[in-house]
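Everything below concerns the one structure shown next.
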Amino acid sequence: MGIFFKDYESSGPGIAKNGPKKKGAALFFDIFFRKFWVLFGVNMLYFVFFLPLVLGFLALSFMKDYNALLAVLSVCVVVFAVFIGPATAGLTKVLRCFILEKHTFIIKDFFKAFKANFKKAMAVGVLDVLIFMSVFAAYNVYPGLAIQAGTKLLYVPMILTFSLGLVVVMMNYYIYLMMVATDLSLKDLIKNSFALTFVGMKKNLLSFVINAVVLVLMVLLFLYVPPLCMLLMPFLPAAQVWFTVCFLCYPVIQTYVINPYYTSIGQVNPELTGGFDDIEEEAVFEDMGGKEKPIEKRKKGKGRHIS
């Protein structure tokens with residue numbers, strides 16, 4: 001009878017090993033809530049690589065010497081640009097394991113992917129920073145120029161810059177996932193991620209909306225309750241949002257990149273069958289989940305009970 005009167009003396013048939021698996025939203029929420037607290041720890045690990053930006057914001061608040069401030073900000077941005085790509089590759093590696101329900105040692109796998117993909121991920125990270133700096137500059141420069149020149153034509157390059165930024169955001173949904181899941185070159189990673197940006201547009205737009213909503217909420221929190229925002233940032237929302245993006249977008253990569261490769265060599269993608277070894281080891285014990293007979297509840301008698 002609900003929470004308070006559960007029957008703990010009898011059991012059901014167990015969980016079948018090859019029983020029906022959850023899909024879609026049911027699978028997402030199942031994994032998300034099972035990994036809920038773990039995601040906080042993953043976010044803390046990823047947040048370490050945002051510390052250069054935090055130091056940059058602190059410098060803006062306290063430093064008065066313009067030349068010294070410019071030097072500090074330059075160093076902070078360069079350090080962030082160099083390491084944020086490899087850190088994102090490490091984060092993506094861990095979250096991909098979560099999505100595939102594959103065992104992972106979080107810190108070990110994070111830094112293994114960080115090191116293995118350092119050059120490619122660094123190039124992507126630096127390119128991302130440059131493009132987003134261009135978007136920020138376009139937002140601050142072109143409207144003023146348009147007003148001064150008295151023409152709306154100067155809004156065109158701003159719109160083009162924003163469009164480029166949007167495409168780059170969506171490309172990032174795929175480029176890091178392919179980076180940790182395949183051995184593609186940087187050129188092929190960029191080419192495939194650009195193509196998948198348009199192929200998986202529905203999922204991309206959903207991912208972008210989720211990103212935008214969370215970003216707006218964090219900005220509002222920062223503007224109105226800065227201490228609470230700074231307290232929450234080490235724990236969320238980067239890992240949680242990126243988990244959602246990976247969950248939505250990785251099936252697109254499976255469909256158009258990974259599955260065709262296995263089909264070409266006459267095999268089935270092991271990610272789809274739940275196995276990651278080419279040869280399944282012989283089982284010592286058979287999983288009887290779903291086959292056992294329910295244990296009947298013991299009937300209560302009038303005899304004396306021995307404790």
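Where a number appears in this text, it was derived from the coordinates with a stated rule and is not lab data. Note that the structure is a prediction, hence the values are computed from the model and not measured. When we count neighbours, we look across all protein chains shown, and the Cβ atoms used for this are built from the backbone with ideal geometry, even at glycine.
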Sum of side-chain charges, Asp30 neighbourhood, beta-carbon under 11 Å (Lys, Arg +1; Asp, Glu -1):
+4
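Past 20 Å, Cα to Cα: identify those pairs from Lys35/Lys108; Lys115/Lys203; Lys108/Lys203; Lys35/Lys93, in the order given.
Violating the 20 Å limit, Cα to Cα: Lys115/Lys203; Lys108/Lys203.
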Peptides 213-224, 94-105, 239-250 ordered by average Cβ neighbours within 10 Å, highest first
239-250, 94-105, 213-224
In Å and from the alpha-carbon atoms only, list the Rg and Dmax of segment 95-184.
18.7, 60
Label Met201 and Ala26 with points 7 Å out from Cα along Cα→Cβ: what is the distance between them in nm?
3.1 nm
Taking N as the residue count of segment 31-273, its alpha carbon Rg divided by 2.2 N^0.38 Å gives 1.10
Length gain on complete extension for the stretch Phe111 to Lys191, per 0.36 nm per residue less the alpha carbon to alpha carbon distance?
26.2 nm
